[in-house]
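Input: a single structure, listed below in structure tokens.
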Amino acid sequence: MEKKRTKVVLTPDESIQLVKELFKQNVPENSWVRPNPRSITHYHTYGNLTPFFKGLTQAKLFGTRCRSCTTGIWLPPRAHCPDCWKEMEWVEVNTEGARVYTHSMTQYPGAGFKGSVPCPLISVEIPGVCTKFMSYLSEFRDGEPYINMPVRPVFRTKNPTYTILDISWVVIA
Amino acid sequence: MIKFGKGNLRVPRLERPVYVVAGGLTDFRKFYPEKQTSELCLEAVRMAVEEGLCMAPQDFRELVNFCIYSQFADHFGDQLLAAAKIHDYLGLDPLGNIEVKTGGATGGSSVLAGIMAIASGYASLVPVIGWERMDEVSTAQGNAYIASAACKDFESELGWLYSTYYALMMQRYLHEYNPERTTLAKIAQKNHGYSRFSPYSQLPGDYSLEEILETKIVSDPLTFLECCVMSVGAACLILADEETAFQLTDRPVLVNGVGAGSHTLRTADRRDMPILLLPHEDPSLYSDRENEWPGFTSFLAARFAAYLAYHMAGIKNPVDDLDLLETHDAFTVSDIQTYEDIGLRPYGQGADFIESGDAYFEGRLPTNLSGGLLGSMHAVGATGIFQLVEIFWQLRNEWKKFHADDNHWQWFGKTKPQDFQNLQVKNAHRGMAVSHAGTGSHVTCTILERGW
């Protein structure tokens, strides 16, 4: 009895065309450039930093503090102290006295940025915190932000992004 | 780490001398559909071997015993184990090889790995080959890939753009030290200007300071012409032990010192600490200082790398003891910060390195005559290697051979400018390259000097 012959079938994406132009330049005829489209989702755990991101959705700003070392509050938090490697404790950060340490108005963000532009990014200096917290101003007018501008945090508790964008800052008038 | 222990500041030592015997480059372009990555790497190695060592590939290959590959981001090339493909393409199987990754400093770290391989006795002839292919995605996606090398939990979402992370440093630098804004633009003017005399360069230009300051702002206050290019291209540096080096050339270049440093990936996490002093800095220099250190205006990693390299090489004062310098001028502000970190001027006075004329051709320490990252290239994995290739050529008095030859310009489809200037530094004996990642997460300082 004759064995059946099976054919391999390709399912080409008919939308794929060789590229003729990129970066405002023509692709030379003798070099083929083929698009390789991607749509990928990574599933990223916040691990022991989860209380921080959960806190943002509840309008609370949490940092961590080492019970043994006297460095101050870490914000961004770390689960472990980088000096003694012990687990740190969670503390709610008192943002009284928070000021803009430095700033920049971003005009051409990279792909995937979720905000509108221009977007004023800032680093915030907070008394008692040993780090400078990077964030953004969610409202601004001409002349803002400026270094030493007093700010307070606001939280995106409705429709959270579950990212660092759930906290932003506004000027204290 | 804030307090140093004696192990941390131990000056590195090479167990036997390590030499550079050849270097090779491709040209660098924003978009390079004419050549695949492996083809570009082959061309860089071929230049080093055929034009540098005047050897046939077969004869060279017989002497090689280990290889180092240098690529920043698998994301860009979209090919895991690209190094294996390139190694095979060069016909170097079954020799052992490793690929090194430390962000923007990948090139410098790869050369360090090659130096370690030779110095330890593991190998006697090692090509270090670096590349980046940044044209498979749009510029916006490229910026997002680069910003994937910031902290994805607390930084990347804030702009997906390294220019912004440097702009944050720049605003703070301007606030703390108040330099003339035009001094920063002069760095861009200088490096775009020098890149006009390089057949390898991507963005040459004779720009006025007004043009530099009035181009579009990427993230204030940084303008487009103050930010490095995104490139495709490759570079190769060949390292050897003493016996092999003098067998291949009568003018090998010696690795005189090499240091590596690091600091927190997030700029945010840099705690205030005492300034680590370089050999020529007196403790009284900063006794009145009120600003934090390193804060947002300095790179501990650069200072730490320079500390080790200077002690290793016996550098007492870098401006006097070095004849030329290549910095990682990714942004004008990072360059001025680096001048201070590597001790060309005290903290806060980096502008004077430019304004005094020291940084220019025929100045006391000509810097980035290659055109640097602003003018010539930033094909990330190739960058630290490119810097050392340019220094190697200068030390061998071969700048003209590799920059002024019409054949090179024609090969890359370019025409040499009418007002071409010879940038060979007279009697260049010793030079340093600074390779830099992130907002200063990794830095290497590599010092080369004439070895003959």
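Just for segment B:52-76: of the residues that are out of contact with any helix residue (DSSP H, G or I) (no Cβ under 8 Å at 6 or more places or on another chain) and more than 21 Å from B:Pro94 (Cβ to Cβ), which one is surrounded by the fewest Cβ atoms within 10 Å (Cβ to Cβ)?
For segment B:52-76, the residue satisfying everything is B:Cys54.
Can you say whether B:Gln410 is assigned to a helix (DSSP H, G or I), surrounded by fewer than 24 Cβ atoms within 10 Å (Cβ to Cβ) and modelled with pLDDT of 95 or more, as far as the supplied structure shows?
Details: assigned to a helix (DSSP H, G or I): yes; surrounded by fewer than 24 Cβ atoms within 10 Å (Cβ to Cβ): yes; modelled with pLDDT of 95 or more: yes.
Taking the combined requirement at face value, the residue satisfies it.
Residue check: is B:Tyr166 touching a helix residue (DSSP H, G or I) at 6+ places or on another chain (Cβ under 8 Å) and farther than 30 Å from B:Asp405 by Cα?
yes
Which of (1) farther than 30 Å from B:Glu34 by Cβ; (2) at the interface with another protein chain (Cβ under 9 Å from one of its Cβ atoms) does A:Val27 not meet, given it meets every other one?
If we test A:Val27 against (1) farther than 30 Å from B:Glu34 by Cβ; (2) at the interface with another protein chain (Cβ under 9 Å from one of its Cβ atoms), just (1) comes out false.
Looking at (1) surrounded by fewer than 24 Cβ atoms within 10 Å (Cβ to Cβ); (2) among the hydroxyl-bearing types (Ser, Thr, Tyr); (3) part of a helix (DSSP H, G or I); (4) within 14 Å of chain A (Cβ to nearest Cβ), which one does B:Thr164 not meet, given that it meets all the others?
Checking B:Thr164 against (1) surrounded by fewer than 24 Cβ atoms within 10 Å (Cβ to Cβ); (2) among the hydroxyl-bearing types (Ser, Thr, Tyr); (3) part of a helix (DSSP H, G or I); (4) within 14 Å of chain A (Cβ to nearest Cβ), the one that fails is (1).
Identify all residues within segment B:167-176 that are surrounded by fewer than 21 Cβ atoms within 10 Å (Cβ to Cβ) and either free of Cβ contacts under 8 Å to residues at least 40 places away in the same chain or closer than 16 Å to B:Glu226 by Cα (or both); write none if there are none.
If the condition is that a residue be surrounded by fewer than 21 Cβ atoms within 10 Å (Cβ to Cβ) and either free of Cβ contacts under 8 Å to residues at least 40 places away in the same chain or closer than 16 Å to B:Glu226 by Cα (or both), then B:Leu174, B:His175 are the ones that fit.
State yes or no: is B:Ala140 surrounded by fewer than 23 Cβ atoms within 10 Å (Cβ to Cβ), in contact with a Phe, Trp or Tyr (Cβ under 6 Å, 6 or more places away or on another chain) and under 23 Å from A:His103 (Cα atoms)?
no
Against the definition (out of contact with any Ser or Thr (no Cβ under 8 Å at 6 or more places or on another chain), surrounded by 21 or more Cβ atoms within 10 Å (Cβ to Cβ), in contact (Cβ under 8 Å) with a residue 24 or more places away in the chain and acidic (Asp, Glu)), how does B:Asp341 come out, yes or no?
Judged against the criteria, B:Asp341 is not a match.
For segment B:246-301, enumerate the residues that are over 22 Å from B:Arg450 (Cβ atoms), of a type in the set (A, V, I, L, M, F, W, C), out of contact with any Leu (no Cβ under 9 Å at 6 or more places or on another chain) and outside any loop (DSSP other than H, G, I, E, B).
Selection gives B:Ala301 alone.
Against the definition (modelled with pLDDT of 95 or more and either out of contact with any helix residue (DSSP H, G or I) (no Cβ under 6 Å at 6 or more places or on another chain) or under 20 Å from B:His328 (Cβ atoms) (or both)), how does B:Ser110 come out, yes or no?
On the way: modelled with pLDDT of 95 or more: yes; either out of contact with any helix residue (DSSP H, G or I) (no Cβ under 6 Å at 6 or more places or on another chain) or under 20 Å from B:His328 (Cβ atoms) (or both): yes.
Yes; evaluated as a whole, the condition is true for this residue.
Does A:Cys119 satisfy the criteria of being more than 30 Å from A:Cys81 (Cβ to Cβ), surrounded by 15 or more Cβ atoms within 10 Å (Cβ to Cβ), within 10 Å of chain B (Cβ to nearest Cβ) and not β-branched (Val, Ile, Thr)?
yes
Only residues that are among the β-branched types (Val, Ile, Thr) and in contact (Cβ under 8 Å) with a residue 24 or more places away in the chain: list them for segment B:390-445, please.
B:Ile391, B:Val425, B:Val434, B:Thr439, B:Val443, B:Thr444
Using the structure shown, decide if B:Ala150 is facing chain A (nearest Cβ under 8 Å), crowded, with 19+ Cβ neighbours inside 10 Å and touching a Leu at 6+ places or on another chain (Cβ under 8 Å).
no
Looking at (1) farther than 30 Å from A:Gly128 by Cα; (2) more than 12 Å from chain B (Cβ to nearest Cβ), find the lone condition where A:Thr57 falls short.
(1)
The values are calculated or read from the model by the stated rules, or taken from the named source; none is laboratory data. Remember, it's a predicted structure, so these values are computed and weren't measured experimentally. FYI the Cβ positions are ideal-geometry reconstructions off the backbone, even for glycines, and counts take in every protein chain you see.
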